[in-house]
Amino acid sequence: MIKIRSLVKDFDGHCVLNGVNLDVAAGDIKVVMGASGCGKSTLLRCLNRLLDVTSGSIHFMGNDITHKDTDVRQLRQQIGFVFQQFALYRHLSVLDNVTLALRKLRGLSRADANEKASFELEKLAMIDHRHKYPAQISGGQKQRVAIARALAMDPSMIVFDEPTSALDPIMSREVAALIRTLNEERVTILCVTHDVALGKVLSDNVVFLDRGEVKAEASFDYLCHDHPDAEVRAFFGRGESR
Ligand SMILES: Nc1ncnc2c1ncn2[C@@H]1O[C@H](COP(=O)(O)OP(=O)(O)OP(=O)(O)O)[C@@H](O)[C@H]1O
Ligand SMILES: [Mg+2]
């Protein structure tokens, strides 16, 4: 579904992504981990065209979306994004946060958008909160609204950027379980995080991004115990209970 090749992104000569190769197969759940500042969010921003790449290619369902004639609106309907800080609109109710893109991008009537949004909110146990505003719900609940908003567009895949960084450990586990459930329901997932516990719940394997380069794609066990680089072992050793 996603094929990234030799992706380079620099900002004013400062190289942040240095030849990244990454594949995400349909139905897959792919976890990318790395230290703060290694380029995870930059990679995702290239993927939904919030940033233009410096060189390299990103194929999504066979099309190179780095081309300037890419339909960015359509791309963003096909790939749902759940951001680090949820990015809900503070002045809109939970329901309207979910209906907005359905009405503005999809052109659904308010009634149809409400019906679709209610279906997704119900699924995420947020329907009773639909008339509240973001300030009136918890972090975990905001995260579920952000996920409902992404799901409402029936995307081919959902990309998560640090979905648990603003959550306490209990809510983090809930969101991790939720992401797994989505994947079991055949939503393709790409998740970037530095939360080792989250990564482990989501996948046995992980892509390790280090200073803009993919350094390894391997099991947690290998990265934690057997990887030749002590820095890598230390990174994955955090929170290790074996
Ligand atoms: N718009 C920008 N202009 C200049 N530099 C940028 C820009 N966006 C990101 N960077 C730089 O790129 C590097 C990678 O940033 P990025 O946000 O991708 O890291 P990250 O891996 O997501 O980190 P974190 O785990 O803290 O979220 C950082 O050094 C950052 O300062
Ligand atoms: Mg980031």
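If I filter the range 57-64 for residues that are within 18 Å of the chain's Cα centre (by Cα), within 16 Å of ligand 1 (Cβ to nearest atom) and closer than 29 Å to residue 165 by Cα, do I get at least one hit? Yes; the residues of the range 57-64 include at least one that is within 18 Å of the chain's Cα centre (by Cα), within 16 Å of ligand 1 (Cβ to nearest atom) and closer than 29 Å to residue 165 by Cα. Taken as a whole, the structure leaves residue 150 outside the set of residues that are more than 16 Å from ligand 1 (Cβ to nearest atom), of a type in the set (A, V, I, L, M), open to solvent by 20 Å² or more (accessible area, probe 1.4 Å) and in a helix (DSSP H, G or I).
None of 90, 73 is within 30 Å of residue 136 (Cβ to Cβ) and surrounded by fewer than 18 Cβ atoms within 10 Å (Cβ to Cβ) except 90.
Reported count of residues in the range 147-161, each being of a type outside the set (A, V, I, L, M), over 19 Å from residue 61 (Cα atoms) and more than 16 Å from ligand 2 (Cβ to nearest atom), is 1.
Could you list all residues from the range 37-49 that are open to solvent by 20 Å² or more (accessible area, probe 1.4 Å) and more than 10 Å from ligand 1 (Cβ to nearest atom)?
Step one: of the range 37-49, the residues open to solvent by 20 Å² or more (accessible area, probe 1.4 Å) are 37, 41, 45, 49.
49 - this is the single residue of the range 37-49 that is open to solvent by 20 Å² or more (accessible area, probe 1.4 Å) and more than 10 Å from ligand 1 (Cβ to nearest atom).
Note on the range 155-213: residues that are touching a residue at least 60 places away in the same chain (Cβ under 8 Å), surrounded by fewer than 18 Cβ atoms within 10 Å (Cβ to Cβ) and hydroxyl-bearing (Ser, Thr, Tyr) amount to 2.
Please work out if residue 8 is more than 9 Å from ligand 1 (Cβ to nearest atom), at pLDDT 95 or above and aliphatic (A, V, I, L, M). Spell out how you get there, then give the answer.
On the way: more than 9 Å from ligand 1 (Cβ to nearest atom): yes; at pLDDT 95 or above: yes; aliphatic (A, V, I, L, M): yes.
Yes.
Evaluation of residue 34 against the conditions (1) away from ligand 2 (no atom under 16 Å from the Cβ); (2) crowded, with 19+ Cβ neighbours inside 10 Å shows that the sole unmet condition is (1).
Checked against the criterion of being surrounded by 12 or more Cβ atoms within 10 Å (Cβ to Cβ), β-branched (Val, Ile, Thr) and away from ligand 2 (no atom under 16 Å from the Cβ), the candidates 24, 20 yield just one match: 24. If you go through the range 10-19 and keep only what is in contact (Cβ under 8 Å) with a residue 60 or more places away in the chain and at negative phi, you end up with 15, 16, 17, 18.
The values are calculated or read from the model by the stated rules, or taken from the named source; none is laboratory data. Note that the coordinates shown come from a computational prediction; the quantities given were computed from them, not determined experimentally. In this analysis, Cβ positions are derived from the backbone assuming ideal geometry, glycine residues included, and neighbour counts consider all displayed protein chains. When the accessible area is computed, the model is the full protein with side chains, heavy atoms only, and any ligands, DNA or RNA have been set aside. Shrake-Rupley method; radii C 1.70, N 1.55, O 1.52, S 1.80 Å.
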